[in-house]
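The values are calculated or read from the model by the stated rules, or taken from the named source; none is laboratory data. These numbers were taken from a predicted model, which means no experiment stands behind them. Note that each Cβ is placed from the backbone with ideal geometry, even for glycine, and that neighbours are counted across all protein chains shown.
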Amino acid sequence: MKIPSKGGTPEEILAKMKAAGANDARWRDGRVFSLVYYAGEEALALLKDAYMMYFSENGLNPSVFPSLRRFEAEVVAMTAHLLGGDAEVTGTMTAGGTESILMAVKTAKTFAQETRPEIKAPEMVVPLSAHPAFDKAAHYFGVKMIHTPLKDDLTADVEVIKRALTPNTILMVGSAPAYPQGVMDPIAELSTLAREKNIWLHVDACVGGFMLPFVKKLGYPVPPFDFSTPGVSSMSADIHKYGYAAKGASVVLYRTRALRKRQFFVYTEWPGGIYASPSVAGTRPGGAIAAAWAALNYFGEEGYLEITKETMETTRRLQEGINAIDGLKVLGAPVGTVFGIGADTLDIYAVGDEMTLRGWVLDRQQNPASLHLTVNRVHTPIVETFLTDLREAVRLTREATFRNVTNKMVKSVAKSAVKILPKNLTGKLTSLAASGSGPATDGPPQRTAALYGMIGSLPNRGDIHNLVLDFMDKLNAPPTDSQSDK
Ligand SMILES: *Cc1c(COP(=O)(O)O)cnc(C)c1O
């Protein structure tokens, strides 16, 4: 494909783009339980205006755009205050939770290199439920990842973490809350351990940073998790999640300015001049910074409290309805508005398939097998419809499970630890299974639940890794003729 030799009119381009999105998920209808955070049309319109006002400005050089410097400084300060920080706590804005986490890991590593130079092979101890951004950071920055198993309630196990510490440990991580089940790691205990052993503790509040403080203020129980806990060295909080900002906005915070300094990158020898950049990104979109500032000032504490009250009540109604369905249960003890649905005697992925057929978008999770919900205001009106469909999905799954109880593949679904993969891999996996490395199959699986079961029973997780790499390669392949809109 090449750039068209002759360009189109704005009307033509926009019409094509609109048509291209015809099959995208319709998140405004409350059918989608991930990826989009939405606080209503007025807020959305403001965010778009704010983003557009600073569409062309670049946060890379703040001396050229003092407005952006001010917006960023204020966003960081407001976030630090929200998360129990004193005047010393500070940080930077980043493009998202992943960049915030990358920065925290890099900064902890730099700090260790300066203060504990005897460490040649740094390690970090991270509970299994923590976000893969930590694995990405380990991969990028050459820090050895030590994953620790969770307790039965799906929270971090401090005793196991304690035993996993070595003289090379430079960083421990706790999530507030962890994304998969919305449960809180015991930050206070981790903080005590961090102080005792003099190890950096990062609290990942990417999803909780703009939710938990308001949940707590509304009177729901929230254990300590922020800078008021003395052993916390750094935190991450995404404004583009429950801060309802435009995408591309997160904050990474440090206990002191001296710690933050270790995040910055400076190169003085470039022919283009002395180059200084606070985070991974070079060019930093002014729009994302401006829209984050607009969001905080538009909602204010009262606005966030009102939205959180509504989403918490919606979450509770959903959870009560789910727990009332025989065979389903909300996993662990979620504190806020994200949680997972599990099942003991049912194939939860088959329930997920039935929900997909009914137009719901729910992420599949593993270890334990579950479906995931990120609750927003758009879900308030759909609670009853959702629960009705869920009851029906469970009924149909039970019938199907009973019918196929002798089917070897379904059995393996029930007992295996399963892996979540996109449908497109079906063909390849089927042939892999048929080639003898998986269970025998009677033809290609018709439902994704069976597919996940088959994947779970593959003897070698390395096969899955390579399959996913293959899949990503195909996903990012050049467009074919059939995709172009000629
Ligand atoms: C979303 C999330 C992240 C990663 O944030 P991105 O903005 O997707 O990069 C990290 N940790 C937790 C707990 C999250 O929920």
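Assess whether G59 counts as being touching a residue at least 40 places away in the same chain (Cβ under 8 Å), away from the ligand (no atom under 16 Å from the Cβ) and of a type in the set (G, A, S). Yes, satisfied. Considering every residue within the stretch 201-211, establish whether at least one is of a type in the set (A, V, I, L, M, F, W, C) and within 23 Å of T166 (Cβ to Cβ). Looking for residues that are of a type in the set (A, V, I, L, M, F, W, C) and within 23 Å of T166 (Cβ to Cβ), one finds at least one in the stretch 201-211, hence yes.
Restricting the stretch 108-141 to residues that are within 16 Å of the ligand (Cβ to nearest atom) and not in a helix (DSSP H, G or I) leaves a set whose member that is surrounded by the fewest Cβ atoms within 10 Å (Cβ to Cβ) is P132. Across the stretch 350-398, what is the total count of residues that are more than 22 Å from the chain's Cα centre (by Cα) and not in a helix (DSSP H, G or I)? Total satisfying the criteria: 2. A residue that is within 22 Å of N297 (Cβ to Cβ), crowded, with 24+ Cβ neighbours inside 10 Å and in contact with a helix residue (DSSP H, G or I) (Cβ under 7 Å, 6 or more places away or on another chain) cannot be found anywhere in the stretch 187-194.
Check every one of the helices (runs of 4 or more DSSP H) wholly within the stretch 1-103 and list those with 2 or more residues that are touching a strand residue (DSSP E or B) at 6+ places or on another chain (Cβ under 6 Å). Give the derivation first.
Details: elements: 10-20, 41-53, 66-82.
Helices (runs of 4 or more DSSP H) meeting the threshold: 66-82.
Where strands (runs of 3 or more DSSP E) fall entirely within the stretch 254-331, those with at least 1 residues that are buried (at least 21 other Cβ atoms within 10 Å of the Cβ) are at 328-330. Residues of the stretch 176-186 that are crowded, with 24+ Cβ neighbours inside 10 Å and free of Cβ contacts under 8 Å to residues at least 40 places away in the same chain: none at all.
Specify the residue that is nearest to Y244 (Cα to Cα); the eligible residues are those in the stretch 190-222 that are assigned to a loop (DSSP other than H, G, I, E, B) and more than 16 Å from the ligand (Cβ to nearest atom). Can you show your working first?
Applying the first criterion (assigned to a loop (DSSP other than H, G, I, E, B)) to the stretch 190-222 yields 198-199, 205-211, 218-222.
From what's left, more than 16 Å from the ligand (Cβ to nearest atom): 198-199, 218-221.
On the way: N198: 36, I199: 33, L218: 19, G219: 22, Y220: 21, P221: 23 Å.
Step by step, filter the stretch 190-222, then rank; the result is L218.
For the condition touching a Lys or Arg at 6+ places or on another chain (Cβ under 7 Å) and among the hydroxyl-bearing types (S, T, Y), what is the one hit in S175, S228, S233, S191?
On the way: S175 fails: touching a Lys or Arg at 6+ places or on another chain (Cβ under 7 Å); S228 fails: touching a Lys or Arg at 6+ places or on another chain (Cβ under 7 Å); S191 fails: touching a Lys or Arg at 6+ places or on another chain (Cβ under 7 Å).
The match here is S233.
Looking across the stretch 90-106, the residues that are hydroxyl-bearing (S, T, Y) and within 16 Å of the ligand (Cβ to nearest atom) come down to T92, T94, T98, S100. The conditions of being more than 21 Å from the chain's Cα centre (by Cα) and in contact (Cβ under 8 Å) with a residue 24 or more places away in the chain are not met by E11.
Which members of the stretch 134-175 meet the condition of being small (G, A, S) and without any contact (Cβ under 8 Å) to a residue 40 or more places away in the chain? I'd like the intermediate steps shown before the answer.
As a first pass, look at the stretch 134-175 and keep what is small (G, A, S): 137-138, 142, 156, 164, 174-175.
Within the stretch 134-175, A137, A138, G142, A156, A164 meet the criteria.
Residue-wise test of (1) at pLDDT 95 or above; (2) of a type in the set (A, V, I, L, M, F, W, C); (3) over 22 Å from the mean Cα position of the chain (by Cα); (4) farther than 17 Å from G84 by Cβ.
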position	(1), (2), (3), (4)
G182	yes, no, no, yes
L201	yes, yes, no, no
V207	yes, yes, no, yes
L212	yes, yes, no, no
K217	yes, no, yes, no
V222	yes, yes, no, no
G231	yes, no, yes, no
S236	yes, no, no, no
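Would you confirm whether or not the stretch 145-161 contains a residue that is aliphatic (A, V, I, L, M) and closer than 25 Å to K261 by Cβ? The answer is no, given that none of the residues of the stretch 145-161 is aliphatic (A, V, I, L, M) and closer than 25 Å to K261 by Cβ.
Could you list all residues from the stretch 233-244 that are farther than 14 Å from G336 by Cβ, within 11 Å of the ligand (Cβ to nearest atom) and not in a strand (DSSP E or B)? Residues satisfying the conditions are I239, H240.
Restricting to the stretch 142-170, and then to whatever is farther than 16 Å from L190 by Cβ and assigned to a loop (DSSP other than H, G, I, E, B), can you tell me which residue is nearest to the ligand (Cβ to nearest atom)?
Our first condition is that a residue be farther than 16 Å from L190 by Cβ; within the stretch 142-170, this holds for 142-145, 152, 166-168.
Now narrow it down to the ones that are assigned to a loop (DSSP other than H, G, I, E, B): 142-143, 152, 166-168.
Numbers: G142: 21, V143: 17, D152: 21, T166: 25, P167: 28, N168: 24 Å.
Only one residue tops the list, namely V143.
Could you look through the stretch 332-345, keep only residues that are more than 16 Å from the ligand (Cβ to nearest atom) and assigned to a strand (DSSP E or B), and pick out the one that is surrounded by the most Cβ atoms within 10 Å (Cβ to Cβ)? If you could, list the steps in order and put the result at the bottom.
Within the stretch 332-345, the subset more than 16 Å from the ligand (Cβ to nearest atom) is 333, 341-345.
Checking the rest, the ones that are also assigned to a strand (DSSP E or B) come to 341-343.
On the way: I341: 26, G342: 20, A343: 21.
Selected residue: I341.
Would you mind finding the one in L46, L82, L68 that is in contact (Cβ under 8 Å) with a residue 40 or more places away in the chain, touching a helix residue (DSSP H, G or I) at 6+ places or on another chain (Cβ under 7 Å), within 14 Å of A246 (Cα to Cα) and more than 16 Å from the ligand (Cβ to nearest atom)?
Details: L82 fails: within 14 Å of A246 (Cα to Cα); L68 fails: within 14 Å of A246 (Cα to Cα).
Sole residue among the options that is in contact (Cβ under 8 Å) with a residue 40 or more places away in the chain, touching a helix residue (DSSP H, G or I) at 6+ places or on another chain (Cβ under 7 Å), within 14 Å of A246 (Cα to Cα) and more than 16 Å from the ligand (Cβ to nearest atom): L46.
If we keep just the residues of the stretch 249-263 that are within 16 Å of the ligand (Cβ to nearest atom) and touching a strand residue (DSSP E or B) at 6+ places or on another chain (Cβ under 6 Å), which is nearest to L46 (Cα to Cα)? Per the criteria, the residue is S250. Selection of the stretch 222-250 for residues being among the hydrophobic types (A, V, I, L, M, F, W, C) and either buried (at least 24 other Cβ atoms within 10 Å of the Cβ) or on the phi > 0 side of the Ramachandran plot (or both) yields F225, V232, M235, A237, I239, A245, A249.
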